[in-house]
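Here's the structure we're looking at; comments come further down.
FYI, it's all coordinate maths here, none of it is from the lab. Computed from a predicted model, the values in this text were never measured in an experiment. Cβ placement follows ideal geometry from the backbone for every residue including glycine, while neighbour counts extend to all protein chains displayed.
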Amino acid sequence: MTTKIRNVTVLGTGVLGSQIAYQSAFQGFPVIAYDIDDAAVALARQRFRKLVDTYRAEVPGGEDGAEAALDRIVLTTNLAQAAADADLIIEAIPEILDLKRQTYEKLGSLAPAKTIFATNSSTLLPSDLKDSTGRPDRFLALHFANKIWFSNIAEVMGTPDTDPEVFDEIVAFAEAIGMVPIQIHQEKAGYVLNTLLVPFLRAALELVAGGYAEPGDVDNTWRIGTGAPAGPFQIYDIIGLRTPYNIMAHGDADAQQLAAWLKQNYIDRGKLGLESGQGFYKYL
Ligand code: NAD
């Protein structure tokens, strides 16, 4: 399948937005990356520079293509300019319902009729946002995973209002930027990945917090028993312990107890995962 999408705009240049913008540019698309102010744009420049180094070291074709990808990205704080000729706008702004709604309301009048809007939201359903877009038939979720160049799935999930042609177009676009598209047939909180991952990680924590086994042995069991490359506690460390803590702290009573255990034994001791040099494992 080839895509008709050419001009890509990414809103928000944080952890995921910077990766989405850079990956799209690396695959040859002209990208406008929008953020709210000069400080955020300066940060984005640093993120893109880091991505150049990562792609050079880790991605096939990165040695030749990583620097050139930068030339295809235009950074701006002007939303009207960012939207003016976009075929696709991928929104990766903070996970705050009202902020996203307000942003889609603005975009609805700034973007031309051709523009498809896609949200990268992890926890909101596209149905929570569709009315604010003014174009529910050209709106859906396109959800990426952190470390997009390595964990290259893109979950595509529409609402009952999404035009099937738009859905197919986004599947084709995901492929064109080097993703494996995962088509989700109806709205599901957590998409496919988190529907599997969240209870899996919780079960692992129950084993350790309940005193049944050590993290290393749980990971060994999973790796050796299933052939998977990483165990749940290696995954915790990669994600960072704060995100699973936040999810469990808002869960049922048992989940809240697990969250409290995680906080007391790890988070409060500065063990936040890979980013802090220590989580369930120690890193140099
Ligand atoms: P982040 O906090 O790292 O980045 C958010 C960016 O949005 C910042 O650069 C901020 O300046 C900018 N921003 C704030 N207000 C804005 C506005 N009104 N318009 C445009 N930009 C604005 O957040 P993140 O982790 O990249 O998450 C962004 C989205 O991606 C969320 O919806 C989240 O659920 C989703 N997501 C995150 C991950 C992850 O692992 N971090 C994975 C998949 C999906």
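Annotations
- Cβ-Cβ contacts under 9 Å between residues 6 or more apart (or on different chains), taken from a first residue in segment 3-29 that is in contact (Cβ under 8 Å) with a residue 24 or more places away in the chain and on the phi > 0 side of the Ramachandran plot to a second residue that is within 13 Å of the ligand (Cβ to nearest atom) and among the aromatic types (Phe, Trp, Tyr), are listed as GLY12/TYR34.
- Counted residues, segment 48-72 - those being without any contact (Cβ under 8 Å) to a residue 40 or more places away in the chain and of a type in the set (S, T, N, Q): 0
- Within segment 148-259, helices (runs of 4 or more DSSP H) holding 2 or more residues that are within 30 Å of GLU58 (Cβ to Cβ) and of a type in the set (D, E, K, R): 164-176, 215-226
- Against the test of being in contact with a Ser or Thr (Cβ under 9 Å, 6 or more places away or on another chain) and more than 21 Å from PHE26 (Cα to Cα), the options ALA92, ALA80, ALA111 yield a single qualifying residue, ALA111.
- Scanning segment 260-282 for residues that are in a loop (DSSP other than H, G, I, E, B) and without any contact (Cβ under 8 Å) to a residue 12 or more places away in the chain yields GLY270, GLY277.
- Of the criteria (1) within 13 Å of ILE20 (Cα to Cα); (2) surrounded by fewer than 21 Cβ atoms within 10 Å (Cβ to Cβ); (3) out of contact with any Ser or Thr (no Cβ under 6 Å at 6 or more places or on another chain), which one ALA145 fails: (3)
- Of all residues making up segment 133-161, the number that are away from the ligand (no atom under 14 Å from the Cβ) and in contact with a Lys or Arg (Cβ under 8 Å, 6 or more places away or on another chain): 4
- Matching residues, segment 103-138, being free of Cβ contacts under 8 Å to residues at least 40 places away in the same chain and touching a Gly at 6+ places or on another chain (Cβ under 8 Å): TYR104, GLU105, GLY108, SER109, SER132, THR133, GLY134, ARG135
- Odd one out for GLU105 among (1) outside any helix (DSSP H, G or I); (2) surrounded by fewer than 16 Cβ atoms within 10 Å (Cβ to Cβ): (1)
- Hey, TYR236 farther than 23 Å from LEU97 by Cα, out of contact with any Asp or Glu (no Cβ under 7 Å at 6 or more places or on another chain), surrounded by 17 or more Cβ atoms within 10 Å (Cβ to Cβ) and hydroxyl-bearing (Ser, Thr, Tyr) or not: yes
So that you can scan it fast, the table gives a plain yes or no per residue for (1) among the β-branched types (Val, Ile, Thr); (2) within 14 Å of MET157 (Cα to Cα); (3) within 10 Å of the ligand (Cβ to nearest atom):
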residue	(1), (2), (3)
ALA92	no, no, yes
GLU95	no, no, yes
ASP98	no, no, no
LYS114	no, no, no
PHE117	no, yes, no
THR123	yes, yes, yes
ASP128	no, yes, no
ASP131	no, no, no
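- A count restricted to segment 132-162 and to residues that are acidic (Asp, Glu) and under 18 Å from VAL15 (Cα atoms) stands at 1.
- Failed criterion for GLY227 (all others in (1) under 21 Å from LEU262 (Cα atoms); (2) surrounded by fewer than 11 Cβ atoms within 10 Å (Cβ to Cβ) hold): (1)
- Segment 1-58 - residue that is within 19 Å of THR76 (Cβ to Cβ) and of a type in the set (Lys, Arg) and, of those, nearest to the ligand (Cβ to nearest atom): ARG47
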